[in-house]
Amino acid sequence: MHLSPTAFPWLTSILFCCLGGLFTILLLPRHRHQEIKWVGALFSGLTLVLTLNLFLLYDQRLGGLQFVERLAWIPSLGITYFNGVDGFSLPMLLLSGIVFFTAVLTMWELEQRVKEFFALLFLLVTGVFGLFMSLDLFFIFVWYDVSLFPMYLLIAIWGSTRKEYGAMKLTLYLLAGSALILPGIVYLVVQSGLQTFDLTALMRPDLFTPFEQKLGFFLFYIGFGILAGVWPFHTWSPVGHVAAPTAVSMVHAGVLMKIGAFGVLRLGIFLCPLGWLYWAPLMALLATVGIVYGVLAGLRQTDIKYVIGYSSVSHMGIVGLGLATVSVEGLNGAVFQMFAHGIMTALFFSAVGYIYDRTHTKALDELGGLSHTMPVASGYLVMAALTGIGVPCLASFWAELTVFIAAFRVYPLYATLAVAALVVSALFMLRVLQRTCYGPPNERLAHLGDVSFGLGLPRMILVAVILLFGLFPALMFELIQTASIPLLNGLPR
Amino acid sequence: MNAIIFSPELWMLAIAGVFLIRAMIPPNAARDYQIALVMATLAVGVCLAALGFSGNLFAGTYRIDLFSQCYKCLLSTGLFLVVCLCNNLRGIRTGLQPEFYLLLAVSTLAMMMLVSSAHLLTIYMALELSSYSLYILVALGRDRDLAIRAGIKYFLVGASASAVMLFGMAMVYGAAGTAYLGELARVLPPLLERPSAAIGLLLILGGFFFKLAVFPFHFWAPVVYAGAANQVAAYIATVSKVAAVAILIRVAAMGSSTYMVHVLAILSIVSMTVGNLAAIAQKDLKRLLAYSSVAHGGYVLIGILSMDAAGYAAATFYALAVLVMKFTCFMVVIKVAGDGGNPAIADLAGLHRRAPLLAMALMMALFGLAGIPPTIGFTGKLLLFTAAMTQGHLALILIAMINVVISLYYYLHVLRAAYLLEPVDNAARVYRETVPIKVMSVVMIAAMVILGIYPQQLIQLINQAVGL
């Protein structure tokens, strides 16, 4: 271990926490549903505490990589077990911790094949955490696929609405992405001639020729872009999110789509900065099309989860636009948007999941008047929608604002289009609220109870996080800046 | 002659002898199984003990080195695993159990000789010996019509492949004037400019392509897998592939020319594409596995056409990976088809409830075959791709990855049957997990995952074996 013996391996302990939960669940008998859920809550709560702890312990004045752990893994291939966090990955770890814990709580009422569900969820989240903290290309790819392959079963077994189709489509799309990422990794590792998968070693400037950087960035951009819902590779996302069970939608839209954007940042931008500069106009174009398209498609949907799915495409477009500006503000905004959107969609899917579990419908036409019968449940939905619109004092607002400011400097036309689309998105979000929560009381739904305190807990946590970072955005911006400013200063111009 | 370095082969011969005698006395299937299991276990031990031996035998036509001994360990492990599944040999015609073990032992013996061969004639003899045992093994299947048809088809394709190979050997011998592999490796590369030598070498490789079920010698695979008893199909899919990879490495090393690389690259691409596309349409689990074997033959060729030690090491690692993963799949086939028949994919329905550990092993094996981490299949593919990239074959890697995505589609269909479909109540298909199967499932899962994420020692051993 390449660290002082006093330093506690915080990052590895997060992974062990997830794996500990996984194996504990596997060892429990399958009919002990209650115990399995408590174990799930315990271990996911512990990971949340650990990530919060990291967030507080990270020294922002120092910046750079911290909590580094390094262990020779397969020396003959140059593979090291190498973890560390910086201002980009720390928000993502915090996001994963929050979404994971709230997702487990959201599934408290699950009765079907409980043991397998939580085991697969823990496996998926292990991959997510591993990916955000890893700095070795081999492990990044391993974690990437570990976070994808439980997805098929999670959606196909516990999902709804065309679940097998959605699951197959999602899995094939995302694996098609990895079909570009793996050659990209192998290509760069071999071309470097360094016999190492260590990301920091490969970041040396001028290691790769401009052509290699362009090709490498393209492979990573498309490969991870599929996961990030970049238009025109987004089609798996609404279908998959609609089909998935609530917790999986939360983790998937909340965290997994961020893996895509994070992968573009960590692999594409870190390793191939020249490729980034070269392809930035294309990124901006696709991102803008995604923003506009997501909003327009969302307008026509009749299923709430489809609406959220398309709004995700649009919001992830904002992340892409931020990355494409090649500026400190753009990067700050993009990473903040990844965080804010993750919390926002998690809240959205969580709120919808509760309503769906009661009413057994997601169709806008069949709902309505929910605010009479379930005032608290619809309150959460309203909160999520307002965040999605980008109302000031909620987390998304600051992220979107920063991205748009950066974008107006570089791509005025695209930025105008994106802002215009955002106005339309307010229209469709409000339309959803109007159709579901307001209107005359619905006779068929009158007998349904409201959210109890215990079941509402995950949504309360999410709302609190949205408010906290909406009122004090500096908490996040200052952290992200410790990574974005050095990155931009190191760019070859 | 130094007999001790020949001990793995002698032990195999002893197994064959024991079952030759048992074939002459009144049959007792349970006793046959016990004897076979003990002797196969010991065979693994003998091979491990012989790992460090080296030397030459039979006037230099037979070479024993770390490479061959590693492969012998793999072969005996494969034999042991297959024998483990033979407690219920309903797929073999009754009364023929001793012959089954006899031929299994002879075939393994022949493959051990194949991996040690250092002369074209030894190669030919060993290859024929193993093939003939397999032809008969296939024809021993319970469904007489189907089995004999499969056996005849296997024999006809095999006989033509070996005729082609013999012709190629004659041409190479004519061009180079020697049949020792060691000398050929020195003499042949400059001669490859001449069509006779190049074509001769290609024809020789054709004989091994038949074993590996690589295009254009893959037609036998689905018929034979479906017609043979499940245990025999498992043996062909695992052990015989390992032997084919070993000898391909030995022989391909002689032909490092651009022309050869191009030919191998095309065969590799066609093989994986044909295999994967054909597998999509299959309803029968064994036929699906047969076509996936064709595709995996294509992947292995990627390592071989890299024509350097890293590529050979990758191919060797991948052969081991395929052995473990395919064996796990066949374990499921054998357990699901309790009566020894051919299970359809739909027969896996409800496996997750009847046998959760077996279902989990199947899941890991399928993801491994699709090359998804953290399984051994992914690490194998990573090694293959890294080796190929070092030689600059980026396009080949991209095509291979597209194929991986295609293959994932049908692997997911199998997984769907095991995890999503609910069982139709059918007394013949009811199967409960027994303790040995639980243990084997756990061992296979552990092997796939541990060798997948922490292969350091294994890679070192293989690198030594191929002389890296």
In the stretch A:131-155, which residues are in contact (Cβ under 8 Å) with a residue 40 or more places away in the chain and in a helix (DSSP H, G or I)? A:Leu131, A:Phe132, A:Met133, A:Leu137, A:Phe138, A:Phe139, A:Ile140, A:Phe141, A:Tyr144, A:Met151, A:Leu154, A:Ile155
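Counting just the residues of the stretch A:357-404 that are in a loop (DSSP other than H, G, I, E, B) and among the small types (Gly, Ala, Ser), which one comes out farthest from the chain's Cα centre (by Cα)?
Initially, the stretch A:357-404 is screened for residues in a loop (DSSP other than H, G, I, E, B), giving A:360-362, A:364-369, A:374, A:390-394.
Restricting the remaining residues to those that are among the small types (Gly, Ala, Ser) gives A:368-369, A:390.
Details: A:Gly368: 30, A:Gly369: 32, A:Gly390: 18 Å.
Only one residue tops the list, namely A:Gly369.
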Based on this model, can you work out whether B:Gly350 counts as in contact with an Asp or Glu (Cβ under 7 Å, 6 or more places away or on another chain) and of a type outside the set (S, T, N, Q)? yes
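How many residues are touching a helix residue (DSSP H, G or I) at 6+ places or on another chain (Cβ under 6 Å) and surrounded by fewer than 18 Cβ atoms within 10 Å (Cβ to Cβ) if we restrict to the stretch B:30-40? Give the derivation first.
At the first step, the residues of the stretch B:30-40 found to be touching a helix residue (DSSP H, G or I) at 6+ places or on another chain (Cβ under 6 Å) are B:32-33, B:36-37, B:39-40.
Filter once more, keeping what is surrounded by fewer than 18 Cβ atoms within 10 Å (Cβ to Cβ): B:37.
Qualifying residue count for the region: 1.
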Criterion (at the interface with chain B (Cβ under 8 Å from one of its Cβ atoms) and among the aliphatic types (A, V, I, L, M)) met by exactly one of A:Ala156, A:Ala167: A:Ala156
Could you tell me whether the stretch A:52-74 includes any residue that is within 15 Å of A:Phe139 (Cβ to Cβ) and among the charged types (D, E, K, R)? yes
Where in the stretch B:389-468 are there helices (runs of 4 or more DSSP H), lying wholly inside it, with at least 3 residues that are facing chain A (nearest Cβ under 9 Å) and either modelled with pLDDT under 90 or under 27 Å from B:Leu305 (Cβ atoms) (or both)? B:394-419, B:456-465
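So which of B:Met260, B:Met272 ends up being under 26 Å from B:Gly392 (Cβ atoms), surrounded by fewer than 23 Cβ atoms within 10 Å (Cβ to Cβ), out of contact with any strand residue (DSSP E or B) (no Cβ under 6 Å at 6 or more places or on another chain) and not polar (S, T, N, Q)?
Details: B:Met272 fails: surrounded by fewer than 23 Cβ atoms within 10 Å (Cβ to Cβ).
When all the criteria are applied, what remains is B:Met260.
For (1) under 24 Å from A:Met250 (Cα atoms); (2) buried (at least 17 other Cβ atoms within 10 Å of the Cβ), each residue gets a yes or a no:
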residue: A:Phe397; (1), (2): yes, yes
residue: A:Ile405; (1), (2): no, no
residue: A:Leu467; (1), (2): yes, no
residue: A:Ile485; (1), (2): no, no
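Mind telling me which of the residues B:Ile445, B:Ile450, B:Ile402, B:Ile397 ends up being in contact with a Phe, Trp or Tyr (Cβ under 6 Å, 6 or more places away or on another chain), of a type in the set (A, V, I, L, M, F, W, C) and surrounded by fewer than 23 Cβ atoms within 10 Å (Cβ to Cβ)?
B:Ile397
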Can you confirm whether B:Leu202 is surrounded by fewer than 22 Cβ atoms within 10 Å (Cβ to Cβ) and closer than 20 Å to B:Ser268 by Cα? yes
Which residue out of A:Leu323, A:Leu256, A:Leu282 is part of a helix (DSSP H, G or I), at pLDDT 90 or above and buried (at least 24 other Cβ atoms within 10 Å of the Cβ)? A:Leu323
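Being more than 14 Å from chain B (Cβ to nearest Cβ) and out of contact with any helix residue (DSSP H, G or I) (no Cβ under 9 Å at 6 or more places or on another chain): is that true of A:Phe8 here?
Yes: the conditions hold for A:Phe8.
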Sole exception among (1) modelled with pLDDT under 90; (2) surrounded by 24 or more Cβ atoms within 10 Å (Cβ to Cβ) for B:Phe385, by number: (1)
Surrounded by fewer than 23 Cβ atoms within 10 Å (Cβ to Cβ), in a helix (DSSP H, G or I), touching a residue at least 12 places away in the same chain (Cβ under 8 Å) and not acidic (Asp, Glu): does that describe B:Thr77? yes
Only one of these conditions is not met by B:Leu323: (1) surrounded by fewer than 24 Cβ atoms within 10 Å (Cβ to Cβ); (2) under 21 Å from the mean Cα position of the chain (by Cα); (3) within 11 Å of chain A (Cβ to nearest Cβ). Which number is it? (3)
Within the stretch A:196-247, of all residues that are over 26 Å from the mean Cα position of the chain (by Cα) and at pLDDT below 85, the one surrounded by the most Cβ atoms within 10 Å (Cβ to Cβ) is A:Leu207
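Restricting attention to the stretch A:70-96, which residues are of a type in the set (Val, Ile, Thr), within 14 Å of chain B (Cβ to nearest Cβ) and touching a Phe, Trp or Tyr at 6+ places or on another chain (Cβ under 7 Å)?
Going residue by residue through the stretch A:70-96, those that are of a type in the set (Val, Ile, Thr) are A:74, A:79-80, A:85.
Checking the rest, the ones that are also within 14 Å of chain B (Cβ to nearest Cβ) come to A:74, A:79-80.
Those that are of a type in the set (Val, Ile, Thr), within 14 Å of chain B (Cβ to nearest Cβ) and touching a Phe, Trp or Tyr at 6+ places or on another chain (Cβ under 7 Å): A:Ile79, A:Thr80.
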Go through the residues of the stretch B:208-228 one by one and say whether even a single one is over 26 Å from B:Asn403 (Cα atoms) and part of a loop (DSSP other than H, G, I, E, B). yes
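Quick one: is A:Val292 at pLDDT 90 or above, over 20 Å from the mean Cα position of the chain (by Cα) and surrounded by fewer than 22 Cβ atoms within 10 Å (Cβ to Cβ)?
Numbers: at pLDDT 90 or above: yes; over 20 Å from the mean Cα position of the chain (by Cα): yes; surrounded by fewer than 22 Cβ atoms within 10 Å (Cβ to Cβ): yes.
Criteria met by A:Val292.
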I'm checking my understanding of the structure. Among residues of the stretch B:2-57 that are at pLDDT 90 or above and charged (D, E, K, R), which one is nearest to B:Leu114 (Cα to Cα)? B:Glu9
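At pLDDT 90 or above, within 30 Å of A:Leu468 (Cβ to Cβ) and surrounded by fewer than 18 Cβ atoms within 10 Å (Cβ to Cβ): which single residue out of A:Leu57, A:Leu42, A:Leu62 fits that description? Can you show your working first?
Working: A:Leu57 fails: at pLDDT 90 or above; A:Leu62 fails: at pLDDT 90 or above.
Unique residue meeting the criteria: A:Leu42.
Take A:Arg409 and tell me if it is touching a Ser or Thr at 6+ places or on another chain (Cβ under 9 Å) and charged (D, E, K, R).
yes
Going through A:Leu448, A:Leu433, A:Leu427 one at a time, which residue ends up being more than 23 Å from the chain's Cα centre (by Cα) and not in a helix (DSSP H, G or I)? Before you say what the answer is, go through the steps one by one.
Values: A:Leu433 fails: not in a helix (DSSP H, G or I); A:Leu427 fails: not in a helix (DSSP H, G or I).
The match here is A:Leu448.
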Say we look at the stretch B:368-388 and pick out the residues that are part of a helix (DSSP H, G or I) and more than 21 Å from the chain's Cα centre (by Cα); which of these is nearest to the other protein chains (Cβ to nearest Cβ)? B:Thr386
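Would you say A:Leu110 is of a type in the set (A, V, I, L, M), more than 10 Å from chain B (Cβ to nearest Cβ) and crowded, with 23+ Cβ neighbours inside 10 Å? Talk me through it step by step, then tell me what you get.
Working: of a type in the set (A, V, I, L, M): yes; more than 10 Å from chain B (Cβ to nearest Cβ): yes; crowded, with 23+ Cβ neighbours inside 10 Å: no.
Against the criterion (of a type in the set (A, V, I, L, M), more than 10 Å from chain B (Cβ to nearest Cβ) and crowded, with 23+ Cβ neighbours inside 10 Å), A:Leu110 does not qualify.
Can you report the number of residues in the stretch B:325-360 which are part of a loop (DSSP other than H, G, I, E, B) and not acidic (Asp, Glu)?
Step one: list which residues in the stretch B:325-360 are part of a loop (DSSP other than H, G, I, E, B), which gives B:337-343, B:349-350, B:355.
If we keep only those that are not acidic (Asp, Glu) too, we end up with B:337-338, B:340-343, B:349-350, B:355.
Selection size over the stretch B:325-360: 9.
The values are calculated or read from the model by the stated rules, or taken from the named source; none is laboratory data. Since this is a predicted model, take the numbers as computed values, not measurements. All Cβ positions, glycine included, derive from the backbone under ideal geometry; neighbour counts span all protein chains shown.
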